[in-house]
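To start, the structure under review is shown below, and the notes come after it.
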Amino acid sequence: MLKTPPSTPPVPSTPAVPVQPSPAGHAEGVSNDEFRAAMSRLAAGVVLVTAVEPPLDPDDPAGPAGEDVGMTATAFMSVSLDPPLVLVSLREGSRMDDLLAEQPRWAVSVLAESQRHIAGRFAMKGRVSDRLLFADIPYRRGEASGAPLVGGALATLECHTEQRVTAGDHTLVIGRVLTARVASADGGPLAYFRGRYRQLG
């Protein structure tokens, strides 16, 4: 008669050790430079986010109007088809972040490959006013937002903020799309890859 060998007690599994974030907010072994280098390999489209500052005195129709504000962004994406929602990531405390905290309507122009100069212009840091930046750029006013929509852009959208989410050192602004227009002319998109503006092909 065959004897059944004694059962071997199970070997206790070693619990996974979670990666502990450092005091600065990074997981151990991940530096700012490494994170930037890794994400720079992700090609992204380039858009210009625009909005109009509210007037200084809304009760005075003859008072000075608010200034147009623009910001180049590569962290922009669609979120939902029904309802139509998009998301843009803004550096917390930036001028656009502060503006969209009080101005719920804004616009996006999807830049064409020939509009690299516009992307570079509105990506500059430390500028005092955007008035001169818009001076020689063809644009029209959005019917829903009043914000500048860049002429020659591949597409334009106007949005109303639905939600703001704080994520680390950025604010994720989710907007419901109010209008969406596609340019009649064909053209390639402006892309951002490895820290430079590029064309496809």
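The values are calculated or read from the model by the stated rules, or taken from the named source; none is laboratory data. For clarity, every value in this text was computed on a predicted model and none was experimentally measured. Positions of Cβ are backbone-derived with ideal geometry, glycine not excepted, and every protein chain shown enters the neighbour counts. The area values use the complete protein model at the heavy-atom level, side chains included, leaving out ligands, DNA and RNA. Shrake-Rupley method; radii C 1.70, N 1.55, O 1.52, S 1.80 Å.
Just give me the residues in the stretch 87-104 being under 11 Å from Ala73 (Cβ atoms), open to solvent by 10 Å² or more (accessible area, probe 1.4 Å) and among the aliphatic types (A, V, I, L, M), in sequence order.
Once the filter is applied, which keeps residues that are under 11 Å from Ala73 (Cβ atoms), open to solvent by 10 Å² or more (accessible area, probe 1.4 Å) and among the aliphatic types (A, V, I, L, M), the stretch 87-104 yields only Leu87.
Just a yes or no: is a residue in the stretch 192-201 open to solvent by 90 Å² or more (accessible area, probe 1.4 Å), under 27 Å from Ala38 (Cα atoms), at pLDDT below 95 and small (Gly, Ala, Ser)?
In the first step, residues of the stretch 192-201 are kept if they are open to solvent by 90 Å² or more (accessible area, probe 1.4 Å); the result is 194, 196, 199-201.
Pick out the ones that are also under 27 Å from Ala38 (Cα atoms) and you get 194, 196, 199-201.
Then drop every residue that is not at pLDDT below 95, which leaves 194, 196, 199-201.
The next check asks that each one be small (Gly, Ala, Ser); those that pass are 201.
Yes, there is a match, as at least one residue in the stretch 192-201 is open to solvent by 90 Å² or more (accessible area, probe 1.4 Å), under 27 Å from Ala38 (Cα atoms), at pLDDT below 95 and small (Gly, Ala, Ser).
I'm checking my understanding of the structure. Among residues of the stretch 170-191 that are of a type in the set (S, T, N, Q) and more than 17 Å from the chain's Cα centre (by Cα), which one is surrounded by the fewest Cβ atoms within 10 Å (Cβ to Cβ)?
First pass over the stretch 170-191, keeping only residues of a type in the set (S, T, N, Q): 171, 179, 184.
Narrowing the set further to residues that are more than 17 Å from the chain's Cα centre (by Cα) leaves 179, 184.
On the way: Thr179: 14, Ser184: 5.
Per the criteria, the residue is Ser184.
Hey, can you tell me all the residues within the stretch 121-138 that are open to solvent by 90 Å² or more (accessible area, probe 1.4 Å) and either assigned to a helix (DSSP H, G or I) or modelled with pLDDT of 95 or more (or both)? It would help to see each step written out before you state the result.
Of all residues in the stretch 121-138, those open to solvent by 90 Å² or more (accessible area, probe 1.4 Å) come to 124-125, 128, 131-132, 136.
Within the stretch 121-138, Arg131, Leu132 meet the criteria.
Among the residues of the stretch 177-191, which ones are over 20 Å from Ala38 (Cα atoms) and either touching a strand residue (DSSP E or B) at 6+ places or on another chain (Cβ under 8 Å) or not small (Gly, Ala, Ser) (or both)?
Taking the stretch 177-191 as the starting set, the residues that turn out to be over 20 Å from Ala38 (Cα atoms) are 177-190.
Val177, Leu178, Thr179, Ala180, Arg181, Val182, Ala183, Asp186, Gly187, Gly188, Pro189, Leu190 - these are the residues of the stretch 177-191 that are over 20 Å from Ala38 (Cα atoms) and either touching a strand residue (DSSP E or B) at 6+ places or on another chain (Cβ under 8 Å) or not small (Gly, Ala, Ser) (or both).
Looking at the stretch 143-160, can you tell me whether even one residue there is touching a residue at least 40 places away in the same chain (Cβ under 8 Å), open to solvent by less than 70 Å² (accessible area, probe 1.4 Å) and over 28 Å from Leu81 (Cα atoms)?
Within the stretch 143-160, the first condition is being touching a residue at least 40 places away in the same chain (Cβ under 8 Å), and the residues that meet it are 145-150, 152-160.
Then drop every residue that is not open to solvent by less than 70 Å² (accessible area, probe 1.4 Å), which leaves 145-150, 152-160.
If we keep only those that are over 28 Å from Leu81 (Cα atoms) as well, we get none.
No, there is no match, as no residue in the stretch 143-160 is touching a residue at least 40 places away in the same chain (Cβ under 8 Å), open to solvent by less than 70 Å² (accessible area, probe 1.4 Å) and over 28 Å from Leu81 (Cα atoms).
Sort through Ala167, Ala107 and tell me the only one that's within 13 Å of the chain's Cα centre (by Cα), at pLDDT 95 or above and open to solvent by 40 Å² or more (accessible area, probe 1.4 Å). Please lay out each step first, then the result.
Values: Ala107 fails: open to solvent by 40 Å² or more (accessible area, probe 1.4 Å).
Answer to the check: Ala167.
Do we find that Ser78 is assigned to a strand (DSSP E or B) and loosely packed, with under 13 Cβ neighbours inside 10 Å in this structure?
On the way: assigned to a strand (DSSP E or B): yes; loosely packed, with under 13 Cβ neighbours inside 10 Å: yes.
For Ser78, the condition - assigned to a strand (DSSP E or B) and loosely packed, with under 13 Cβ neighbours inside 10 Å - is met.
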